[in-house]
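Report on one structure; see the data block that follows.
The values are calculated or read from the model by the stated rules, or taken from the named source; none is laboratory data. Worth saying up front: this structure is predicted, and the values here are computed from it rather than measured. Glycine also receives a Cβ, built like all others from the backbone with ideal geometry; neighbour counts cover every protein chain displayed. Calculation scope for accessible area: heavy atoms of the full protein, side chains included, ligands and nucleic acids excluded. Shrake-Rupley method; radii C 1.70, N 1.55, O 1.52, S 1.80 Å.
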Amino acid sequence: QVQLVESGGGMVQAGGSLKLSCAASGRTFSSYYMGWFRQAPGKEREFVAAISRIGNIKSYADSVKGRFTISRDNAKNTVYLQMNSLKPEDTAVYYCAANGAQVTRTLGGYDYWGQGTQVTVSS
């Protein structure tokens with residue numbers, strides 16, 4: 001089992017940047033595939049990015065491709081989401097998630113979830 005805690009959210013103007021972190025408990029972080037999702041008010045939770053266990057495979061939603069970068073540091077049990085050129089439509093609660101099977105874009109493919117961190121982008 002793994003526990004996930006997100007941090008780094010906040011308020012930023014359009015065009016700005018934020019870097020989210022997700023710290024995982026336990027000694028088996030490197031065995032998990034990690035993902036980031038987001039949920040805006042009144043909308044369903046959606047996929048943002050995912051990364052393989054050693055970071056050699058990454059997947060992005062079309063809406064963030066070229067602006068967001070997912071990475072991980074297995075020595076620090078942490079996965080990151082660097083968000084650049086932020087837009088008001090990026091405003092959402094951002095969640096990290098873990099699964100032991102594969103890089104996937106589907107919510108149901110993840111077994112563990114953090115509590116989320118709020119990102120607000122003003123125009």
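When region 8-57 is limited to residues that are of a type in the set (S, T, N, Q) and over 17 Å from Leu86 (Cβ atoms), the one that is modelled with the lowest pLDDT turns out to be Thr28. Please work out which residue is most open to solvent (accessible area, probe 1.4 Å), limiting yourself to region 33-58 and to residues that are more than 14 Å from the chain's Cα centre (by Cα) and over 17 Å from Thr91 (Cβ atoms). Among residues in region 33-58 that are more than 14 Å from the chain's Cα centre (by Cα) and over 17 Å from Thr91 (Cβ atoms), the one most open to solvent (accessible area, probe 1.4 Å) is Ile54. Here Arg105, Arg53, Arg72 are screened, and the one residue that is part of a loop (DSSP other than H, G, I, E, B) and in contact (Cβ under 8 Å) with a residue 24 or more places away in the chain is Arg105. I'd like the residue in region 1-24 that is of a type in the set (Ser, Thr, Tyr) and either under 14 Å from the mean Cα position of the chain (by Cα) or within 20 Å of Val103 (Cα to Cα) (or both) and, out of all such residues, is least open to solvent (accessible area, probe 1.4 Å). It comes out as Ser21. Each residue in region 16-50 was checked for being over 14 Å from Arg72 (Cβ atoms) and part of a strand (DSSP E or B), and 7 of them qualify.
Yes/no matrix, rows are residues, columns are (1) open to solvent by 20 Å² or more (accessible area, probe 1.4 Å); (2) over 15 Å from the mean Cα position of the chain (by Cα); (3) at pLDDT below 95:
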position	(1), (2), (3)
Val64	no, no, no
Arg72	yes, no, no
Tyr80	yes, no, no
Gly108	yes, yes, no
Gly114	no, no, no
Val119	no, no, no
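Within region 82-99, being more than 10 Å from the chain's Cα centre (by Cα) and open to solvent by 50 Å² or more (accessible area, probe 1.4 Å) holds for Asn84, Ser85, Lys87, Pro88, Glu89. Take Arg53 and tell me if it is farther than 20 Å from Gly8 by Cα and not small (Gly, Ala, Ser). Yes: the conditions hold for Arg53.
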